[in-house]
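Inspection log for the structure reproduced underneath, given as structure tokens.
Quick note: the coordinates plus some simple rules give every number you see, no bench work behind them. Bear in mind that the values here come from a model prediction, so they are computed numbers and not experimental data. All Cβ positions, glycine included, derive from the backbone under ideal geometry; neighbour counts span all protein chains shown.
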Amino acid sequence: MGIFETVHNRKNTRSVKWDMVKDLFQSEEVLPMWVADMDFQAPDAVNKALIERAKHGIYGYTIVDESVKSSIVNWISKRHNWNIKSDWLSFSPGVVTTLHMAIQALTEPEDTILIQTPVYTPFYKVIEAHDRKIVKNTLVLENNRYTINFQDFEEKLKQGVKAFILCNPHNPVGRVWTRDELEQMAKLCQEYNVLIISDEIHSDLTFPNKQHVSIASLSDDIANFSITCMAPSKTFNLAGLQASYAITPNKKIREKLDQQFLNQGFHGLNLMGNTALEAAYNHGEEWLDGLREILQSHYDYVKSELERHTDLLVIDEDGTYLVWIDCSSLQLDAKGLKKFFNEEAKVGLNAGADYGEEGKQYIRMNIACPRETLEEGVKRIIQAVQNK
Ligand SMILES: Cc1ncc(COP(=O)(O)O)c(C=O)c1O
């Protein structure tokens with residue numbers, strides 16, 4: 001059986017997704033298809049590298065050496081066509097940690113930060129936690145696909161924005177922003193002197209015919225006012241190992257960011273994260289391309305089944321393993337929707353309302369699981385909707 005077909009029992013592994021089902025969804029029977037990790041094993045090369053490292057048995061303080069940095073530099077060049085320098089890198093346990101650091105290091109309380117909603121919930125929290133103000137450039141749904149209202153984007157920047165947290169690819173709407181869209185956003189940020197903090201954690205997970213473009217790779221000028229956050233965690237299912245990095249070409253910005261990490265006691269990467277990152281980037285390409293095919297086929301399956309058997313609408317996406325589903329045909333409010341999926345469908349999904357009020361008629365479904373699990377989830381949803 002293929003690596004992406006095997007069903008693994010993840011219960012009692014301290015899995016947030018599987019071991020919190022009762023607490024979050026009030027019943028052990030609920031099938032978890034929520035938080036963004038995958039039910040697939042990491043590539044063999046990663047597992048072997050971790051086992052080898054564990055055999056040594058000594059887990060002291062660890063450095064991120066040049067070979068780890070080179071694995072990142074090569075990866076970004078090969079996969080994203082962007083030539084970075086290893087001294088542009090800062091290391092962090094997670095992208096959300098980096099967002100907190102960047103906001104504190106590079107903006108002031110009361111500054112305004114732009115986000116494109118609906119969006120990944122921690123974006124709101126990161127801004128609010130440090131007493132900065134949120135301004136929204138609400139995404140527009142056009143022909144079942146999300147796009148950007150550039151006029152509104154500019155209006156918001158005109159009113160005075162210090163930083164823009166871009167999500168590319170976008171969670172939850174699944175857009176991989178095109179070069180043209182990125183150029184337009186970058187041009188406006190440059191004009192209004194806005195720092196770009198680009199969360200590209202999903203950048204490796206585009207559908208097979210889609211290419212991710214890093215906004216900072218568009219030109220040296222744009223790179224000069226940007227921080228790009230990336231990680232192997234979503235790509236290779238390594239979230240529990242807490243390894244991520246930021247790419248900041250501008251020395252002054254990078255130094256401020258690095259100082260913030262130090263001020264809060266963060267340095268380097270944990271040794272298992274270090275080991276897994278290097279192995280994944282050096283040996284994980286084939287595995288990743290196999291995964292991208294699977295995710296495309298899972299997305300197509302969910303879309304065709306749900307739209308054939310129900311009035312739910314699956315939004316057109318370019319990547320990620322998070323599917324954004326319009327449930328307005330169910331005519332339930334946000335609370336009712338949550339209750340319906342928990343209690344009637346018995347599928348544990350993310351409530352769209354958690355991504356902003358624009359999402360209250362939506363749910364987000366994680367399709368990074370073996371086909372058997374996916375089919376069970378889809379079947380439960382179809383049955384519940386048909387019985388409603
Ligand atoms: C857009 C985005 N950023 C960041 C994260 C989490 O990153 P980390 O676990 O590295 O903090 C996620 C996880 O779902 C995400 O979707």
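Odds and ends about this structure:
- Selection count, the range 16-71, where residues are under 21 Å from the mean Cα position of the chain (by Cα) and among the acidic types (D, E): 2
- The range 355-374, residues that are of a type outside the set (S, T, Y) and either without any contact (Cβ under 8 Å) to a residue 60 or more places away in the chain or farther than 17 Å from P32 by Cα (or both): G356, E357, E358, G359, K360, Q361, I363
- Options K136, K125; residue that is free of Cβ contacts under 8 Å to residues at least 12 places away in the same chain and under 20 Å from the mean Cα position of the chain (by Cα): K125
- Restricting the range 15-30 to residues that are in contact (Cβ under 8 Å) with a residue 24 or more places away in the chain and surrounded by fewer than 19 Cβ atoms within 10 Å (Cβ to Cβ) leaves a set whose member that is nearest to the ligand (Cβ to nearest atom) is L24.
Condition check ((1) farther than 24 Å from P93 by Cβ; (2) of a type outside the set (A, V, I, L, M, F, W, C); (3) touching a residue at least 40 places away in the same chain (Cβ under 8 Å)) across all residues:
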| site | (1), (2), (3) |
| --- | --- |
| D180 | yes, yes, no |
| E183 | yes, yes, no |
| Y192 | yes, yes, no |
| D204 | no, yes, yes |
| N224 | yes, yes, no |
| L238 | no, no, yes |
| K256 | no, yes, yes |
| Q260 | no, yes, yes |
| F266 | no, no, yes |
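- Long-range neighbours under 7 Å by Cβ, at least six apart or interchain, first residue under 11 Å from V323 (Cβ atoms) within the range 293-310, second charged (D, E, K, R): Y299/E317
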